[in-house]
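Step one of this worksheet: look at the structure below.
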Amino acid sequence: MSKLFSHPLLLASLLASTSIAAPAPSTLLQPAPTRVSAPDPALRAALEATARGPLDDLVLAGFKGQPLAGWLEFAFLRSRLDRLPLARGNQFLAAHPGEPVAAAFRPEWLKALARRNEWPAFLAQWDTGIDDAGLRCLRLQALMASNRVDAAWTQQAQALWRSSGNPLPAACDGPFALLAAQGGLPDALRWERFDKAVEAGQPAVMRAIAQGLPADDAALAHMYAAWLEAPGNNVQGWPATARSRQVAAAALARLAKSDPDRAEALLPDAATALAFDEAADTRVRYAIALWSAASYLPSAARRLAAVPATAFDDTLREWQVREALSRSDWPAVLAAIRRMPDSQRNDSRWLYFAARASALAGDATGANALYAQATRSADFYGFLAADRLGQAYALCPWQPMATPAAKQAIARDPGLVRALQLVMLDRRGWAGREWNAALARFTDVQRRLAVEVAQDNGWFDRGVFGLVNANGKRFPDEQRLYTLRFPLHHDATIRREAARNQLDPAWVAAEIRAESVFDPSARSAADARGLMQVLPATGAAVAAKNKLPWQGGDTLYDADANIAIGSAYLRELLGRYAGKPYLVIAAYNAGPTPVARWQAQRPALDADVWIETIGYKETRDYVTRVLSFSTVYDWRLSGTAMPLTERMLGIASGTRKGFTCPRPEAPTAPATPPATPARTPAARR
């Protein structure tokens, strides 16, 4: 057995533990759903009417006492902020102290007061918790208008000045002009923000700052800005100072992202002319190596070797492994993984690829030991490792037990009621405010119950955004809340359309989970719509080709139509990619052009290695997510799963795999309710 990555306690536990079968969903008790009452239909109509014009106060009064009365009044007031009487706006804030609706109203009210030059009212309604730079500059304007420019004002203006190297709002121009006129922007402070603009890659900000510097300094600052935009060979006239080295190193590191060859060619002259220290040299070499590896350039291995070992971080170590994988250099793969720290090296991803490399290097015993460690993870790499060993998949589902009374109490929480009713009205932004405020008050047990209640009422993505990482904390055990994290809805439609298109229904469910988390009204920045995030142009073409109903782009917001069109599109892509689902999933996310490039660059790689060498992190993670989600949804739908190695290759051998929990010592008895039929960067179709 290889000693690579072995942890004695971990391996002893693995070898000594007695695996138990993970309960099949159909054998477990399903808790009764807890429903929250729908909002008054008349309130929905009134809310929609606010978009066409202000409501009568008598209409508002008719909804007094309803959960969403405050949000209806918010919508009413927001439509007339520039003419709203001061007393009315202030009264609204006083009536909703500490509530999300007041937090939503206050910034808009403050901006309106500023437009109206109502500076005393602005200051009276200021909240010290506001961190928005534009509003903070408006507050400085309010103090200026009130003749309250003092030492505290100067300190606040200087803090805003140095807060960022990015452009600040136009509202800051007046306060900064006064600050400069009063001598509050000395050269040292200007250079401080200039240096931040260099790091932020903001040549326009650098040039704006230069306007206030002495002539010689301004000329140098303009040269710096020009070099940041377009590095060249003209640094010989620069002073060999720390700032010159910072600008040159930042510019070359920035250039390396698009043209690592040119960055490497320019480095020697810049380093000599400006007397680069080790930090500046390493910064540039790191960027050159990173982007060479990410582009799989022939020089990547050499450039990685030129980076000092002390400069390697998790990102560069990962890319060193991927670069070696792309060349099928198994000794180099193992050497790169060996150099990882324990916390990174023992992640299931790198355990799996260390095992793959060990096996291909002829060390079957060492490979099996590493596969065994990886199998304990219920993810893409753990499932692949289990396939390599012919083992069942690890799954330790957990359903925290709570009384119906506790769940009903959460369902009656006013904030949660408002959040869920706002979701029913498709006001997701407002609903999110109410949700976050409620979770900040809840205990961990209450938070999990809130997720259950949300899903009972059709808000499925709370299983993603309310568990595992919540309230600034991490809850690893909540990874095992598979029913909440992997909701299942429209089951009959998924099964029907999967059968019609000869697809695995678990794959269709996994795509929906990855694309929209079962939100039929989801819409991306690229205008992809609905459950499977299909672009209207794609939807129209697929519908026409398959004789499916089509009434324009809004057809995609109908769940049944979206699943039918999305499933037909998956089948179309399968034909284009020779029946290989892993290629289809990559193309579904990134589009056909990058996939064609990756295929041409690395045509002979096995599927698992090819996936790991995908150049886009978003797409690489997307492919592994959808494939692992498919395995979990297979468990949810049937209690067993198609082997992942067959699934990603489109092989249908008829073999099914079971699930087992290798951790009987887990603190909570495993139990999961059965399935109940009934989403930096987003997918581009």
Checklist line | Matching option when the condition is outside the structural domain of ALA287 (by TED's automatic domain parsing), on the phi < 0 side of the Ramachandran plot, touching a helix residue (DSSP H, G or I) at 6+ places or on another chain (Cβ under 9 Å) and surrounded by fewer than 12 Cβ atoms within 10 Å (Cβ to Cβ), among ASP150, ASP187, ASP195 | finding: ASP150
Notebook entry, point to check: When the range 561-591 is examined, which residues are found to be of a type in the set (Gly, Ala, Ser) and over 24 Å from the mean Cα position of the chain (by Cα)?
Noted result: ALA561, ALA564, SER567, ALA568, GLY575, ALA578, GLY579
Note to self: Which numbered condition in (1) in a helix (DSSP H, G or I); (2) over 31 Å from the mean Cα position of the chain (by Cα); (3) not hydrophobic (A, V, I, L, M, F, W, C) is the only one that SER292 fails?
What the structure shows: (2)
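Do we have PRO594 as within 26 Å of the chain's Cα centre (by Cα), more than 20 Å from VAL517 (Cα to Cα) and surrounded by fewer than 21 Cβ atoms within 10 Å (Cβ to Cβ) here? Outline the logic, then answer.
Working: within 26 Å of the chain's Cα centre (by Cα): yes; more than 20 Å from VAL517 (Cα to Cα): yes; surrounded by fewer than 21 Cβ atoms within 10 Å (Cβ to Cβ): yes.
Here the answer is yes, as PRO594 does meet what is asked.
Filter the range 141-173 down to the residues that are part of a helix (DSSP H, G or I) and farther than 25 Å from GLU199 by Cβ and list them by number.
Here is the first cut: in the range 141-173, the ones part of a helix (DSSP H, G or I) are 141-145, 151-161, 170-173.
Correct list: GLN141, ALA142, LEU143, MET144, ALA145, ALA151, ALA152, TRP153, THR154.
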Next item on the list: Please state which of the following conditions LEU297 fails to meet, knowing it meets all the rest: (1) under 31 Å from the mean Cα position of the chain (by Cα); (2) assigned to a helix (DSSP H, G or I); (3) hydrophobic (A, V, I, L, M, F, W, C).
Entry: (2)
Notebook entry, point to check: Across the range 563-591, what is the number of residues that are surrounded by fewer than 21 Cβ atoms within 10 Å (Cβ to Cβ) and touching a strand residue (DSSP E or B) at 6+ places or on another chain (Cβ under 6 Å)?
Noted result: 0
Check: Across the range 324-350, what is the number of residues that are under 25 Å from the mean Cα position of the chain (by Cα) and assigned to a helix (DSSP H, G or I)?
Finding: 6
Next item on the list: Could you list, in sequence order, all residues of the range 379-401 that are surrounded by fewer than 19 Cβ atoms within 10 Å (Cβ to Cβ), touching a Lys or Arg at 6+ places or on another chain (Cβ under 8 Å) and of a type in the set (Gly, Ala, Ser)?
Entry: none
Next item on the list: Exactly one condition in (1) in a helix (DSSP H, G or I); (2) of a type in the set (Phe, Trp, Tyr); (3) crowded, with 19+ Cβ neighbours inside 10 Å; (4) not assigned by TED's automatic domain parsing to the domain that holds ALA145 is not met by PHE176; state its number.
Entry: (4)
Margin query: Regarding the range 86-108, can at least one residue be identified that is assigned by TED's automatic domain parsing to the domain that holds SER163, buried (at least 20 other Cβ atoms within 10 Å of the Cβ) and basic (Lys, Arg)?
Written below: yes
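Tell me, which residue of the range 456-503 that is over 25 Å from the mean Cα position of the chain (by Cα) and surrounded by 22 or more Cβ atoms within 10 Å (Cβ to Cβ) is farthest from GLN446 (Cα to Cα)? Even if it seems obvious, please write down each step before you answer.
Initial filter on the range 456-503 (over 25 Å from the mean Cα position of the chain (by Cα)): 490-503.
Next cut, surrounded by 22 or more Cβ atoms within 10 Å (Cβ to Cβ) only: 494, 497.
Values: ILE494: 32, GLU497: 37 Å.
That would be GLU497.
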Margin query: Which count do you get for residues in the range 221-244 that are in a helix (DSSP H, G or I) and crowded, with 20+ Cβ neighbours inside 10 Å?
Written below: 6
Next item on the list: Return only the number of the condition from (1) surrounded by fewer than 21 Cβ atoms within 10 Å (Cβ to Cβ); (2) closer than 28 Å to TYR557 by Cα that ALA450 does not satisfy.
Entry: (1)
Notebook entry, point to check: Is it the case that some residue within the range 303-320 is touching an Asp or Glu at 6+ places or on another chain (Cβ under 6 Å) and either modelled with pLDDT of 95 or more or under 30 Å from LEU252 (Cβ atoms) (or both)?
Noted result: no
Next item on the list: Could you run through the range 597-608 and say how many residues are loosely packed, with under 14 Cβ neighbours inside 10 Å and among the hydrophobic types (A, V, I, L, M, F, W, C)?
Entry: 2
Next item on the list: Report those helices (runs of 4 or more DSSP H) wholly inside the range 357-437 carrying at least 3 residues which are under 30 Å from GLN66 (Cα atoms) and outside the structural domain of LEU627 (by TED's automatic domain parsing).
Entry: 404-411, 414-424
Notebook entry, point to check: Yes or no: ALA181 at pLDDT 95 or above, within 24 Å of ILE130 (Cβ to Cβ) and either surrounded by fewer than 19 Cβ atoms within 10 Å (Cβ to Cβ) or touching a strand residue (DSSP E or B) at 6+ places or on another chain (Cβ under 8 Å) (or both)?
Noted result: no
Notebook entry, point to check: Considering only residues of the range 198-241 that are assigned by TED's automatic domain parsing to the domain that holds VAL284 and of a type in the set (Val, Ile, Thr), which is nearest to LEU266 (Cα to Cα)?
Noted result: VAL235
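Quick check: is even one residue across the range 615-635 of a type outside the set (Phe, Trp, Tyr), crowded, with 20+ Cβ neighbours inside 10 Å and not in a helix (DSSP H, G or I)?
We begin by selecting, within the range 615-635, every residue of a type outside the set (Phe, Trp, Tyr); these are 615, 617-621, 623-628, 630-632, 634.
Filter once more, keeping what is crowded, with 20+ Cβ neighbours inside 10 Å: 619, 623-624, 626-628, 630-632, 634.
Filter again for not in a helix (DSSP H, G or I), leaving none.
No, the conditions are met nowhere in the range 615-635.
So that you can scan it fast, the table gives a plain yes or no per residue for (1) among the hydroxyl-bearing types (Ser, Thr, Tyr); (2) more than 21 Å from ALA242 (Cα to Cα):
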| position | (1), (2) |
| --- | --- |
| THR154 | yes, yes |
| ALA157 | no, yes |
| SER163 | yes, yes |
| ALA171 | no, yes |
| GLY174 | no, yes |
| GLU192 | no, no |
| VAL205 | no, no |
| ALA219 | no, no |
Item checked: Selection from the range 450-504 of residues that are in a helix (DSSP H, G or I) and of a type in the set (Phe, Trp, Tyr) -> PHE465, TYR482
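The values are calculated or read from the model by the stated rules, or taken from the named source; none is laboratory data. Just so you know, these numbers come straight off a predicted model, no measurement behind them. Methodologically, a virtual Cβ is constructed for each residue, glycine included, from the backbone with ideal geometry; neighbour enumeration extends over all protein chains shown.
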